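**Student:** Let me begin by handing over the structure; questions about it come next.
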Amino acid sequence: MTVATPVPTTAPITTTIPTTSANHSMTKAQVCEHLQLSPRALEMAVRRGAFPPPVRIGKRAYWSRKAVLAWHEALFLRQENWQPDA
């Protein structure tokens with residue numbers, strides 16, 4: 001008679017890619033919602049070169065969250081550095 005030896009069980013292996021909020025991709029809808037822009041206004045800003053172009057994967061357009069946040073910060077930089085005339 002053979003006795004089966006119990007095999008130690010481990011927790012299931014989960015694979016996650018470590019990410020930070022600064023490097024997630026954003027869809028057009030997410031960018032528009034974040035910036036409170038219409039899709040048309042976003043498209044026009046990209047065409048004018050006033051906003052970073054998307055990365056296209058298939059038919060979809062994605063923006064790096066980091067790029068969107070950097071653009072937003074640059075947009076308000078002049079205002080934040082404003083000093084009243086002396």
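Every number in this text was worked out from the coordinates using simple rules, so none of it is lab data. Bear in mind that the values here come from a model prediction, so they are computed numbers and not experimental data. Please note: Cβ atoms are built from the backbone with ideal geometry, for glycine as well, and neighbour counts cover all protein chains shown.
**Student:** So, in nm, how far is label LEU69 from label ALA29 when the simple model puts each one 7 Å beyond its Cα toward the Cβ?
**Tutor:** Result: 2.3 nm between the two label points.
**Student:** To continue, here is another question. So how strong a dipole does region 24-78 carry about its Cα centre when Lys and Arg Cβ are +1 and Asp and Glu Cβ are -1, to the nearest 20 debye?
**Tutor:** Around 220 debye, computed over region 24-78.
**Student:** Calculate the radius of gyration of the Cα atoms of region 24-78 to one decimal place, then report Dmax, the largest Cα-Cα distance, as a whole number, both in Å.
**Tutor:** 10.6, 37
**Student:** Counting only other residues whose beta carbon sits under 13 Å from that of ALA74, what net charge do I get with K and R as +1, D and E as -1?
**Tutor:** Surrounding charge for ALA74 is 0.
**Student:** Determine, for VAL55, VAL68, VAL46, VAL31, the number of other Cβ atoms within 10 Å of each Cβ, and report the residues in order from fewest to most.
**Tutor:** Ranked by crowding around the Cβ, least crowded first: VAL55, VAL46, VAL68, VAL31.
**Student:** Of all chymotrypsin sites (Phe, Trp or Tyr not before Pro) in region 30-86, which ones are in loop regions per DSSP and have a Cβ with at most 15 other Cβ atoms within 10 Å?
**Tutor:** The qualifying sites are TRP82.
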